[in-house]
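Novice: Sending over a structure as structure tokens; questions will come in a sec.
The values are calculated or read from the model by the stated rules, or taken from the named source; none is laboratory data. All figures in this text were calculated on a predicted structure; none of them were measured in a lab. Because the Cβ atoms are built from the backbone with ideal geometry, glycine has one as well, and the counts that use them run over all protein chains shown.
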Amino acid sequence: MPGAMDRPEPCRYRRFQCTGSCVTVRATALMNICKALLLVCPVLVATDLPFLRAGDLTAYQQMGRDIYRELIETDTSHSAGDTTKAAELLAARFRASGFADADVQVIGPQLRNKNLVIRYHGSGAKPPVLLLAHLDVVEAKREDWSFEPFKLTETNGFFYGRGTSDDKDGATTLSSALLRLRQEDFKPDRDIILALTSGEEGGDVYNGAEWLLTNHWDLVHAGLCLNADAGGVQKRKGKRLLYAVQAAEKVYQSYRLEVKGPGGHSSKPTRDNTIYRLAEALVRLSKYEFPLKLSEITRGYFEKMSEIESGPTAAAMKGLLKEPPDEAAIRELSASPFYNAILRTTAVATMLEAGHAENALPQTARAIVNCRLLPGEPPQEVQATLRQVVADDQISITPLKPAKASPPSPLTPEVMRALEQAKAKLWPDIPIVPEMETGATDGLYFRQIGIPTYGITGTAVDLDDVRMHGKDERMAVPDFYDGLEFEYQLVKAIASTQSSR
């Protein structure tokens, strides 16, 4: 077709610019050829141009968006969802791309809650690396949302849907990275294992990462683990502040507080009321703060953040790092729920149950107190502290189940080099900051057995608009495409000889 093709020139798509050279096809009929050629360009570099429109997507970005849509539109909540269906959809993609059936495993003890495990074989020069994310999501009621929660809706520069930021973005970006590397015939120096798990949001559901480690150690054992359920870019008011690498997380532990009494007729109240006893104990607990404790990771976090923040917050962080710490600085940072959770172990009442009839004095009153322990904090010492604060021998304090330890992971040169190499492709000007997660992830199961584990999601979180587990969960469109590129660059770096030099 005369005039359909001009001289070769660099590709110019809105978000990513190819540093290689491809043929720009201007005729509409040949546009898909150009998009396919973009996939093999060796390096994609992020720009600060406006976010992509649908017609601007490269083949890799389109593949990622298609996987994202498939996962979001598969209900994987615990009440009615099916992670097995999501796992099978992805498994079909991996088989179609050339992965052997033996390297694509959909397994698990429950019919509707299976896991996906993929193995990408390398030379074996280095121990395997495990890429971790989860397929299950928390519940989402349609009547609470502005959009259908199990449909990917793109509007006003955002993708909406349950799991868009926890954690189907991670499952998508890691899956897409491996599929792209296979298409490029990449030869890694180590096996790359992808584990997309079920049961992470279920807490005590035994069918995800813990089940895999117990029953299929050979499939998921690795020298290190990169977890896409934590870490990542943090931004505020649209400005990227830092890239957080999660190297530690707090330990989840709940206790039941219970008091019993003889009860009786409500027309003859007594002074000893189980509800009042428990309520008074909870008020005492609400006024208590566990002592400040900084680790290597949290100290490093506040050191970096004191250079990023400004004004009173930066000054308070500098005061915190003094020896001894400045008391006024501690009080100011403790007023922030986010910073307070980094500074110390926390305990908060989350559930109440009391009485058996409206016209009877309560025979039993119970409360659940959820604690998030600093790594290394002995659970029995926390329980002893609760007993001192409650200060009532008639109130029993019982752990709901044993705490699961999660020791910090060392910030090794191998991991930090790979992170820096990948980050430099997209956000060269923001620092990498070590972080302790205040929640809990499946990474704890790997840390427990000595596998260093790092939260390394590629997508960003807006510190002023965190919607994980909440109404209208969303992900900014450009942040999603950045995440696709970042995870590709990171996986390639960590599995290449170049990253260890």
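Novice: Go through region 423-433 and give me each residue that's closer than 23 Å to E296 by Cβ and surrounded by fewer than 19 Cβ atoms within 10 Å (Cβ to Cβ).
Specialist: Of everything in region 423-433, those that are closer than 23 Å to E296 by Cβ and surrounded by fewer than 19 Cβ atoms within 10 Å (Cβ to Cβ) turn out to be I430, P431, I432.
Novice: Let me confirm something: among I330, I342, which residue is surrounded by fewer than 21 Cβ atoms within 10 Å (Cβ to Cβ) and either within 16 Å of K404 (Cα to Cα) or under 29 Å from the mean Cα position of the chain (by Cα) (or both)?
Specialist: Within the list I330, I342, the selection yields I330.
Novice: For region 102-121, what are the residues that are in contact (Cβ under 8 Å) with a residue 24 or more places away in the chain and either over 19 Å from T84 (Cβ atoms) or not hydrophobic (A, V, I, L, M, F, W, C) (or both)?
Specialist: Q105, G108, P109, Q110, R112, N113, K114, N115, R119, Y120, H121, listed by residue number.
Novice: Could you tell me whether E420 is touching a strand residue (DSSP E or B) at 6+ places or on another chain (Cβ under 7 Å) and surrounded by 20 or more Cβ atoms within 10 Å (Cβ to Cβ)?
Specialist: No: the conditions fail for E420.
Novice: For W217, are the conditions met, namely being hydrophobic (A, V, I, L, M, F, W, C), free of Cβ contacts under 8 Å to residues at least 24 places away in the same chain and closer than 27 Å to P128 by Cα?
Specialist: Yes.
Yes/no matrix, rows are residues, columns are (1) surrounded by 22 or more Cβ atoms within 10 Å (Cβ to Cβ); (2) outside any helix (DSSP H, G or I); (3) of a type in the set (S, T, Y); (4) touching a Leu at 6+ places or on another chain (Cβ under 7 Å):
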| site | (1), (2), (3), (4) |
| --- | --- |
| E435 | yes, yes, no, no |
| G439 | no, yes, no, no |
| G450 | no, yes, no, no |
| Y454 | yes, yes, yes, yes |
| V466 | no, yes, no, no |
| K471 | no, yes, no, no |
| D479 | yes, no, no, no |
| D482 | yes, no, no, yes |
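Novice: Here is a further query. Condition test on Y488, is it in the same structural domain as R162 (by TED's automatic domain parsing) and part of a strand (DSSP E or B)?
Specialist: Taking the combined requirement at face value, the residue does not satisfy it.
Novice: Given the condition touching a residue at least 40 places away in the same chain (Cβ under 8 Å) and assigned to a helix (DSSP H, G or I), answer yes or no: does some residue in region 402-411 qualify?
Specialist: no
Novice: Let me ask something additional. For G108, are the conditions met, namely being touching a Pro at 6+ places or on another chain (Cβ under 8 Å) and not basic (K, R)?
Specialist: no
Novice: Does region 258-272 hold any residues that are part of a strand (DSSP E or B) and not small (G, A, S), and which are they?
Specialist: Once the filter is applied, which keeps residues that are part of a strand (DSSP E or B) and not small (G, A, S), region 258-272 yields E258, V259, K260, H265.
Novice: Only residues in region 257-283 that are at pLDDT 95 or above count as the first member; pair them with residues that are in a strand (DSSP E or B) and among the hydroxyl-bearing types (S, T, Y), Cβ under 7 angstrom, at least 6 apart or cross-chain, and list the lot.
Specialist: As it stands, the answer is E258/T364; E258/S396; K260/T364; T274/T364, since those pairs meet every condition given.
Novice: Another one. Test of understanding: among D167, D191, D185, which residue is at pLDDT below 95 and either among the acidic types (D, E) or surrounded by fewer than 17 Cβ atoms within 10 Å (Cβ to Cβ) (or both)?
Specialist: Residue meeting the stated conditions: D167.
Novice: Suppose the filter is in contact (Cβ under 8 Å) with a residue 12 or more places away in the chain, over 22 Å from F480 (Cβ atoms) and small (G, A, S); does G124 pass it?
Specialist: yes
Novice: Going by the structure shown, is V348 buried (at least 20 other Cβ atoms within 10 Å of the Cβ), under 29 Å from the mean Cα position of the chain (by Cα) and either in a loop (DSSP other than H, G, I, E, B) or not small (G, A, S) (or both)?
Specialist: Here the answer is no, as V348 does not meet what is asked.
Novice: Does region 461-470 contain any residue that is at pLDDT 95 or above and closer than 27 Å to V137 by Cβ?
Specialist: No.
Novice: Could you list, in sequence order, all residues of region 247-257 that are touching a helix residue (DSSP H, G or I) at 6+ places or on another chain (Cβ under 8 Å) and part of a strand (DSSP E or B)?
Specialist: A247, A248, E249, V251, Q253, Y255, L257
Novice: Here's a follow-up. Looking at L490, L463, which one is out of contact with any strand residue (DSSP E or B) (no Cβ under 6 Å at 6 or more places or on another chain) and touching a residue at least 24 places away in the same chain (Cβ under 8 Å)?
Specialist: Being out of contact with any strand residue (DSSP E or B) (no Cβ under 6 Å at 6 or more places or on another chain) and touching a residue at least 24 places away in the same chain (Cβ under 8 Å) holds for just one of L490, L463, which is L490.
Novice: Sticking with this one: Tell me whether region 379-393 contains one or more residues that are modelled with pLDDT of 95 or more, more than 28 Å from H265 (Cα to Cα) and assigned to a strand (DSSP E or B).
Specialist: Taking every residue of region 379-393 in turn, none turns out to be modelled with pLDDT of 95 or more, more than 28 Å from H265 (Cα to Cα) and assigned to a strand (DSSP E or B).
Novice: Which residues, counting only those in region 273-318, are of a type in the set (S, T, Y) and not in a helix (DSSP H, G or I)?
Specialist: Selection gives Y288, S295, S310.
Novice: What's the number of the condition K151 fails, among (1) out of contact with any Leu (no Cβ under 9 Å at 6 or more places or on another chain); (2) closer than 21 Å to A59 by Cβ?
Specialist: K151 satisfies every listed condition except (2).
Novice: Looking only at region 243-279, which residues are acidic (D, E) and surrounded by fewer than 15 Cβ atoms within 10 Å (Cβ to Cβ)?
Specialist: If the condition is that a residue be acidic (D, E) and surrounded by fewer than 15 Cβ atoms within 10 Å (Cβ to Cβ), then D272 is the only one that fits.
Novice: Could you list, in sequence order, all residues of region 367-410 that are out of contact with any helix residue (DSSP H, G or I) (no Cβ under 7 Å at 6 or more places or on another chain), surrounded by fewer than 18 Cβ atoms within 10 Å (Cβ to Cβ) and hydrophobic (A, V, I, L, M, F, W, C)?
Specialist: Across region 367-410, the qualifying residues are I368, A384, L400.
Novice: On to the next question. Kindly indicate which of P379, P362 is in the same structural domain as G264 (by TED's automatic domain parsing), farther than 26 Å from F290 by Cβ, touching a residue at least 12 places away in the same chain (Cβ under 8 Å) and touching a strand residue (DSSP E or B) at 6+ places or on another chain (Cβ under 9 Å).
Specialist: Residue meeting the stated conditions: P362.
Rundown of residues vs (1) modelled with pLDDT of 95 or more; (2) of a type outside the set (G, A, S); (3) assigned to a loop (DSSP other than H, G, I, E, B), yes/no style:
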site	(1), (2), (3)
D75	yes, yes, yes
L89	yes, yes, no
G98	yes, no, yes
V117	yes, yes, no
A133	yes, no, no
S146	yes, no, yes
K151	yes, yes, yes
